[in-house]
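> Let me give you the structure first, and then I'll get to my questions.
The values are calculated or read from the model by the stated rules, or taken from the named source; none is laboratory data. Just so we're clear, the structure is a prediction, and the values are computed from it rather than from any experiment. Glycine also receives a Cβ, built like all others from the backbone with ideal geometry; neighbour counts cover every protein chain displayed.
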Amino acid sequence: MNIRKNKKTEVNKLVHIWYEGSLIAHDFIDKDYWKSQRKEMEEKYIPLSETYVVSNGNDIVGFISMVDNYLAALFIDVKHQGKGYGKALLSFIKSQRENIQLKVYKKNDHAVNFYLENGFEIKEKLLDEQTLEEEFLMVRKKS
């Protein structure tokens, strides 16, 4: 397992991982919404964030994107989930940041539990104005 800063040439691969993961993890949101966000992910969100990729030796299997202390994205290729890659990326970022916050959809039980198990707590319940879905603002403070 190797974690490193992403290269500009890898953006398409990261958008693919994000898109496939979003369709499965957020199946309560219309697929057209995720389709409509692809270009922004490719041209805006990933390029403007501090992004690290994790590989299994040969292939990129996931990534994490930070904007200052905000965890904007953590996605693992659907074929590689449950193998510790997400936890490794999160541990990597936790070692670099005092405080981290993120938003996660309330209905995404798997992700909510993942963050709770990794030292985050729910700070507040919000409404995502784009999807009209409830989400949690979660925070982690280094002890």
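> Which pairs do you get when a residue that is free of Cβ contacts under 8 Å to residues at least 40 places away in the same chain, found in region 119-143, comes within reach of a residue that is assigned to a loop (DSSP other than H, G, I, E, B) and hydrophobic (A, V, I, L, M, F, W, C), reach meaning Cβ atoms under 6 angstrom, with the pair 6+ apart or on two chains?
Between residues of region 119-143 that are free of Cβ contacts under 8 Å to residues at least 40 places away in the same chain and residues that are assigned to a loop (DSSP other than H, G, I, E, B) and hydrophobic (A, V, I, L, M, F, W, C), the close pairs are M138/F120.
To keep it simple, each residue is scored yes or no on (1) at pLDDT below 95; (2) farther than 15 Å from F136 by Cβ; (3) among the aliphatic types (A, V, I, L, M); (4) loosely packed, with under 14 Cβ neighbours inside 10 Å.
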| position | (1), (2), (3), (4) |
| --- | --- |
| H80 | yes, yes, no, no |
| Q96 | yes, yes, no, yes |
| N99 | yes, yes, no, yes |
| L102 | no, no, yes, no |
| Y105 | no, no, no, no |
| G119 | yes, no, no, no |
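> When you go through (1) modelled with pLDDT of 95 or more; (2) surrounded by 17 or more Cβ atoms within 10 Å (Cβ to Cβ) one by one for Y70, which number turns out not to apply?
(2)
> Continuing with the same structure: Quick check on this structure: which one of L48, L127 is farther than 26 Å from K7 by Cβ and over 14 Å from the mean Cα position of the chain (by Cα)?
The match here is L127.
> Based on what the data block shows, is S65 of a type in the set (G, A, S) and at pLDDT 95 or above?
Yes: the conditions hold for S65.
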